[in-house]
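Student: The structure's right below; bear with me while I get my questions together.
The values are calculated or read from the model by the stated rules, or taken from the named source; none is laboratory data. What you see is a predicted model, and the numbers here were worked out from it, not measured in a lab. Glycine also receives a Cβ, built like all others from the backbone with ideal geometry; neighbour counts cover every protein chain displayed.
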Amino acid sequence: MMANVFAGIPIRRVPWLMVLCVFALVALGLAGIQRADVTNDGPDVFSKQVTWVLMALPVVFVALSIPYRFWKPLGYVAFGCSLPLLIVVLFMAKRGGARCWIQLGFFDLQPSEIVKLTFILALAQYLMYRENHRRLAGLVAPFLITAVPLVLILIEPDLGSAMLFVPVLFAMLFAAGARTRHLLCVVLLGMSLSPLFWTKMSAEQKSRVVALFTQVDGGPNPNGDRWHQHQSKLVIALGGATGSESSGRLLDEDAYRLFAAQTDFVFCMVAERWGLLGGALTLAIYLTLFARGLMIAHATREPFGRLVAVGIVTLLATQTVINTAMTVGLLPVVGITLPLMSYGGSSLIMTAAALGLLMNVGMRPGYEMTPDPFRFEPGTA
């Protein structure tokens, strides 16, 4: 059976550096989750995450086995089938003030994780052979495609997930040949409307923005967003240069308790356990993974594959930047996972599917690439 799985995978073309980065990040995430389980005296999340990792492996194999061009005519279909899930989730019970999960008994499904990938497929299908997006009026359709999931996710509300769609849209438009001056016009328009966005934000969202500029210790008891962001930096600082793992020092549970340590703030636990060196190594691995992904996108002649690669790299890189910047106090606190490292089945499995598809673009037999991955040939863009 395993032989049949690998039969459709051109082993010699597998980007092994990316595979190594993926396994390294998963291992670091498991180590951070295990550390958080010990220090926060909560349920055994580590064992659950191991189960999700094992379930993600066949997802990667399937994503590698099916030629990516299979999805070219199915982008709209996949996107259309996933959108109703964003409507269904609005009728679910609130958890933490939001309706982000569909309870299925044995696990909770987060539809926004699915829609992130199907959105990339649909947008790539729309942009791959069109030229109208090179005109300002031609940007309307891509922005409408983006607005549908973005608005539905904001209604949940899930600002963290909604934030990811805009950078992906701009990156894919740029890769498809949209004019830079047109994209800048849209950015300036969005900036001019920022006061309107502020009035539409919830009290909690405004509190998180304000907390970014007033990060103080809230005392012995949890005291909102300022306390949370303050605590995340304290946990990182506790690791020092080499981490508590090397010194044998245990985390002070009372003084450095950190909520969401296994999910949104797992990077803090890695930095606490292995210090500044561990945190820097984690960021270096992410940088290597995304750089290799961009090489695949830059070298792929086939429009659909190139756009899908650009979308996936932008999605995961933006998610990584927002999460890590949030943990060190450079961005407001938002509910957003760290790819491959945070606890969560929906996030891990869909990230595995996305990375499998990205590697698929770069390894299929007969896929069209320029001889030099750093050089475009005329007419390939």
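Student: Taking the stated definitions as given, is GLY275 farther than 24 Å from SER112 by Cα, at pLDDT below 95 and touching a Ser or Thr at 6+ places or on another chain (Cβ under 6 Å)?
Tutor: When the stated conditions are applied, GLY275 passes them.
Student: Would you check which residues across the range 18-50 are of a type in the set (Ser, Thr, Tyr) and touching a residue at least 60 places away in the same chain (Cβ under 8 Å) and list them?
Tutor: Hit for the range 18-50 is THR39, nothing else.
Student: Here is a follow-up. Could you list, in sequence order, all residues of the range 65-80 that are of a type outside the set (A, V, I, L, M, F, W, C) and in contact with a helix residue (DSSP H, G or I) (Cβ under 6 Å, 6 or more places away or on another chain)?
Tutor: Answer for the range 65-80, where residues must be of a type outside the set (A, V, I, L, M, F, W, C) and in contact with a helix residue (DSSP H, G or I) (Cβ under 6 Å, 6 or more places away or on another chain): TYR68, LYS72, GLY75, TYR76.
Student: Could we say that PRO111 is under 18 Å from the mean Cα position of the chain (by Cα) and either under 23 Å from ALA353 (Cβ atoms) or of a type in the set (Val, Ile, Thr) (or both) here?
Tutor: Taking the combined requirement at face value, the residue satisfies it.
Student: Among the residues of the range 103-115, are any β-branched (Val, Ile, Thr) and in contact with a strand residue (DSSP E or B) (Cβ under 7 Å, 6 or more places away or on another chain)?
Tutor: Within the range 103-115 (the criterion being β-branched (Val, Ile, Thr) and in contact with a strand residue (DSSP E or B) (Cβ under 7 Å, 6 or more places away or on another chain)), the answer is no, since none of the residues qualifies.
Student: Residues being of a type in the set (A, V, I, L, M) and under 13 Å from GLU113 (Cα atoms): count how many of those fall in the range 318-339.
Tutor: Step one: list which residues in the range 318-339 are of a type in the set (A, V, I, L, M), which gives 321-322, 325-326, 328, 330-331, 333-334, 336, 338.
With the extra rule that they be under 13 Å from GLU113 (Cα atoms), the set shrinks to 336, 338.
So the count comes out to 2.
Student: Read through the list (1) within 24 Å of LEU74 (Cβ to Cβ); (2) of a type outside the set (Ser, Thr, Tyr); (3) at pLDDT 95 or above, then give the number of the only condition that ARG301 fails.
Tutor: Of everything listed in (1) within 24 Å of LEU74 (Cβ to Cβ); (2) of a type outside the set (Ser, Thr, Tyr); (3) at pLDDT 95 or above, ARG301 misses just condition (3).
Student: If VAL60 passes every condition in (1) among the hydrophobic types (A, V, I, L, M, F, W, C); (2) under 28 Å from GLU302 (Cβ atoms); (3) not in a helix (DSSP H, G or I) but one, which one does it miss?
Tutor: Looking at each condition in turn, VAL60 falls short on (3).
Student: Would the range 219-236 turn up any residue that is closer than 19 Å to THR39 by Cα, hydroxyl-bearing (Ser, Thr, Tyr) and at pLDDT below 65?
Tutor: So far as the range 219-236 goes, no, none of its residues is closer than 19 Å to THR39 by Cα, hydroxyl-bearing (Ser, Thr, Tyr) and at pLDDT below 65.
Student: Could you list, in sequence order, the residues of the range 52-77 that are under 20 Å from the mean Cα position of the chain (by Cα) and more than 19 Å from ILE11 (Cβ to Cβ)?
Tutor: Scanning the range 52-77 gives TRP52, VAL53, LEU54, MET55, ALA56, GLY75.
Student: Hey, could you check the range 237-246 for residues that are in a helix (DSSP H, G or I) and surrounded by fewer than 22 Cβ atoms within 10 Å (Cβ to Cβ) and say which is farthest from the chain's Cα centre (by Cα)?
Tutor: SER246
Student: Right, something else. Which numbered condition trips up ALA178, out of (1) closer than 25 Å to CYS100 by Cα; (2) assigned to a loop (DSSP other than H, G, I, E, B); (3) not charged (D, E, K, R)?
Tutor: (1)
Student: Working carefully through the options ILE145, ILE155, find the one that is surrounded by fewer than 21 Cβ atoms within 10 Å (Cβ to Cβ), touching a Phe, Trp or Tyr at 6+ places or on another chain (Cβ under 8 Å) and modelled with pLDDT under 95.
Tutor: Among ILE145, ILE155, only ILE145 is surrounded by fewer than 21 Cβ atoms within 10 Å (Cβ to Cβ), touching a Phe, Trp or Tyr at 6+ places or on another chain (Cβ under 8 Å) and modelled with pLDDT under 95.
Student: A further question follows. May I ask you to verify whether LEU25 is modelled with pLDDT under 95, in a helix (DSSP H, G or I) and of a type in the set (A, V, I, L, M)? Give the derivation first.
Tutor: Details: modelled with pLDDT under 95: no; in a helix (DSSP H, G or I): yes; of a type in the set (A, V, I, L, M): yes.
No: the conditions fail for LEU25.
Student: Another question, if that's okay. Taking the range 8-22 as the region of interest, how many residues are modelled with pLDDT of 95 or more and of a type in the set (D, E, K, R)?
Tutor: 0
Student: How many residues are free of Cβ contacts under 8 Å to residues at least 12 places away in the same chain and touching a helix residue (DSSP H, G or I) at 6+ places or on another chain (Cβ under 8 Å) when one looks only at the range 81-129?
Tutor: 0
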